[in-house]
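All remarks here apply to the structure that follows.
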Amino acid sequence: MEALQRYPWPGNVRELRNVIERAVIISPGDVLQIQIPRLTEEDRQATITLEEAEHRHILGVLEKTAWRIKGPRGAAELLGLKPSSLYTIMERLGIPTKRKKDGMTT
């Protein structure tokens, strides 16, 4: 039961139903022998939260821009955001600015 509850079920209820039906068909005796599907890397990526996807995407853009947020070719421009909006989102997601990341306080 714990394994069934931990599995993220990327195929939703249909996938769960198929696993249970298969177990009913192939299990000998009165005890169901359920085989939990293995997640591929693609499945794992598909099951992250929207917040985690946003976090990863912003970090990727920041790395691409060498943590430059403002100005031409800065992260805010590439993301289609105002710099102030990007700062707000970064704060909400716990992403430090370059200064904070590098240990500078001013």
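The values are calculated or read from the model by the stated rules, or taken from the named source; none is laboratory data. Here the structure is a predicted model, which means the values were calculated and not measured. Using ideal geometry, Cβ is built from the backbone for each residue, glycine included, and neighbour counts are taken over all protein chains shown.
Which of the helices (runs of 4 or more DSSP H) found entirely inside the stretch 3-106 contain at least 1 residues meeting this: acidic (Asp, Glu) and at pLDDT 80 or above?
Passing ranges, in order: 12-26, 50-64, 75-79, 83-93.
Kindly list, by first and then second residue, each pair from a residue in the stretch 47-74 that is aromatic (Phe, Trp, Tyr) to a residue that is at pLDDT 95 or above, limited to pairs with Cβ atoms under 9 Å and residues at least 6 apart or on different chains.
Note: pairs meeting the criteria are Trp67/Ala75.
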